[in-house]
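Input: a single structure, listed below in structure tokens.
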Amino acid sequence: MTAEVERVVVVIPARNEEETLAACLTSVQRASDHIQIAVTVVLVLDSCTDRSAEIAASFADVVVLAGEFSNVGLARASGFSAALASCTEDPKAVWLASTDADSVVPSRWLAEHLRAAGEGADVYVGAVVPVLHDLDAERRRAWLHTHPPGATLGHVHGANLGMRGSAYRAAGGFMGLAIGEDVELVARMRGLGVRFAESEAHPVVTSSRLAGRARGGYANYLTGLTPSLASSN
């Protein structure tokens, strides 16, 4: 029998994201208002030298952790570990949701995760889309051409990922990877045979910047979109 979720924890790593952090935290709070389960938001400030701590302090209900990781995998792992350590509930009844500080989640984001959990999922892999109007016209056309309905299914993004605490623990948690920590964790979870749900419903909107925090990340993917992609068949 699938355990009911009794608590939701949202973990957000941030490294010098003062321009987007407030919008991210506001969107998570809005999503929290759409569910009837207690939500804890854990923000991990990783080697921040900007105003991120000051911005975070204006959100009274956000738990702020600070570290000098300079590594998104370690930052996520720190937040998830602290979250689970603070929960008194059975890990099976704790839903861990992950997003990024340069992203905005939709109002039904957590409701969508819990829908999947209620249908028996141990892990939820959701869609991520860039801010299309921030892309130049050629990259925007290329992105739209290469992303028909269903195109994002199977792709793993830490900006829209969720799992039961029990599944996270069984897999051993995030590794200290500078990139791909989300993909690597999900691969290990698939090896455990846990139940997955994947959906493009209620995608998270993430930054369209072309210079990212980590080499080889989403910004590099957007940079690689070329006019030839938009015209290919």
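No value in this document is a laboratory result; all are computed from the given coordinates. Everything numeric in this text was worked out from a predicted model, so none of it was measured. Ideal geometry is used to build each Cβ from the backbone, glycine not excepted, and the neighbour counts take in all protein chains shown.
So if I take the alpha carbon set of region 80-126, get Rg, then get Rh from the Kirkwood formula, what is the Rg over Rh ratio?
0.98
With the Cα gyration tensor of region 24-109 giving a ≥ b ≥ c as the square roots of its eigenvalues, does the rule (a/c under 1.5 for rounded; else a/b larger than b/c for prolate; else oblate) give rounded, prolate or oblate?
Oblate shape, in that a/c is at least 1.5 and b/c is the bigger or equal ratio.
Between Ser98, Val62, Cys24, whose Cα lies farthest towards the positive end of the dipole of the chain when Lys and Arg beta carbons carry +1 and Asp and Glu beta carbons carry -1, centred on the Cα centre?
Result: Ser98, furthest along the dipole toward the positive end.
Arranged from highest to lowest average of other beta-carbon atoms within 10 Å per residue, in what order do the peptides 46-57, 164-175 appear? The partial results should precede the final answer.
Values: 46-57: 17.2, 164-175: 19.7.
Per-residue mean Cβ counts within 10 Å order the peptides as 164-175, 46-57.
Antiparallel as a % of all DSSP beta bridges within the chain, to the nearest 5?
Taking every DSSP beta bridge within the chain, about 25 percent pair in antiparallel fashion.
So what's the back-of-envelope 222 nm ellipticity for the chain, counting only DSSP H runs of four-plus at -39500 (n - 2.57) apiece and dividing by all residues, rounded to 500?
Values: 9 runs with 83 residues, N = 233.
Helix-only estimate at 222 nm: -10000 deg cm²/dmol.
Using Cα-Cα distances under 8 Å and only pairs 6 or more residues apart, what relative contact order does region 5-121 have, in percent?
Details: 208 pairs, mean separation 50.4, N = 117.
It comes to 43 percent, rounded to a whole number.
I need to check one value: relative contact order of the chain, counting alpha carbon pairs closer than 8 Å and at least 6 residues apart, in percent.
Once normalised by length, the contact order is 25 percent.
Membrane-span-like helices in the chain: DSSP H runs reaching 15 Å or more (Cα, own axis), mean Kyte hydropathy at least -1.0?
21-32, 72-86, 181-192
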